[in-house]
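The values are calculated or read from the model by the stated rules, or taken from the named source; none is laboratory data. These numbers were taken from a predicted model, which means no experiment stands behind them. Cβ sites come from the backbone with ideal geometry, for glycine too, and all protein chains shown count toward neighbours.
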């Protein structure tokens, strides 16, 4: 018998001063049994960092042809395709041909190797944004995961502040390619 997904109820208070976005995002996030806490946190951070109206989780790991998060227009075309982690460059190149914009939040222990191997292949994609946050930041947030998530996220001058209760964590959003 297959293990069920773990369901998280999520409320994100997002104040992105850099982009003029001030929203409360309420959603449900399903963590697939094979998904790590780090990947779940990265998906939630991507939801805040790349926030647009109508941005929503997809079926995730269960649907290989879909990104982690996306905006689909009324005509069925993908307006924004958002991936997290360290995907293969070919996947991102293909997405850039089918979506108006593609965003990638890179994270993981092999980030330095991924940068060397895949970033050069992605340099010429005009509709791509690649950003990253520190792995230690993600690990610290994972240690505070609960089934009901209430985070306050402020982004200003390229720095992300995430408050959980009375503790605030800080990381720099490193834009490796494109613009946020």
Original post:
Within region 88-99, can one find any residue that is assigned to a strand (DSSP E or B) and over 17 Å from residue 124 (Cα atoms)?
Top reply: no
Subject >> Yes/no for residue 108 being farther than 21 Å from residue 29 by Cα, out of contact with any helix residue (DSSP H, G or I) (no Cβ under 6 Å at 6 or more places or on another chain), part of a loop (DSSP other than H, G, I, E, B) and modelled with pLDDT under 95 >> reply: no
Original post:
Of all the residues that make up region 1-60, how many are assigned to a helix (DSSP H, G or I), over 26 Å from residue 100 (Cβ atoms) and either out of contact with any helix residue (DSSP H, G or I) (no Cβ under 6 Å at 6 or more places or on another chain) or modelled with pLDDT under 95 (or both)?
Top reply: 1
**OP:** For residue 157, state whether it is more than 18 Å from residue 43 (Cβ to Cβ) and at pLDDT below 95.
**Re:** no
**OP:** Could you please let me know if residue 128 is closer than 24 Å to residue 10 by Cβ and at pLDDT 95 or above?
**Re:** no
**OP:** Collect the residues in region 136-154 that are closer than 20 Å to residue 86 by Cα and either surrounded by 19 or more Cβ atoms within 10 Å (Cβ to Cβ) or at pLDDT below 95 (or both), keeping them in residue-number order.
**Re:** 138, 141
**OP:** Tell me which residues, restricted to region 145-164, are assigned to a strand (DSSP E or B) and touching a helix residue (DSSP H, G or I) at 6+ places or on another chain (Cβ under 8 Å).
**Re:** 149, 151, 153, 155, 160, 162, 164
**OP:** Of all residues in region 96-107, count the ones that are under 18 Å from residue 176 (Cα atoms) and either surrounded by fewer than 21 Cβ atoms within 10 Å (Cβ to Cβ) or over 9 Å from the mean Cα position of the chain (by Cα) (or both).
**Re:** 4
**OP:** Looking only at region 61-87, count how many residues are modelled with pLDDT of 95 or more and in a helix (DSSP H, G or I).
**Re:** 0
Original post:
What is the number of the single condition among (1) surrounded by 13 or more Cβ atoms within 10 Å (Cβ to Cβ); (2) within 17 Å of the chain's Cα centre (by Cα) that residue 117 does not meet?
Top reply: (2)
Original post:
Going through region 119-144 one residue at a time, which ones are in contact (Cβ under 8 Å) with a residue 60 or more places away in the chain, touching a strand residue (DSSP E or B) at 6+ places or on another chain (Cβ under 8 Å) and not in a strand (DSSP E or B)?
Top reply: 133, 141
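So that you can scan it fast, the table gives a plain yes or no per residue for (1) farther than 23 Å from residue 148 by Cα; (2) crowded, with 19+ Cβ neighbours inside 10 Å:
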position	(1), (2)
36	no, no
45	no, yes
49	no, yes
57	no, yes
66	yes, no
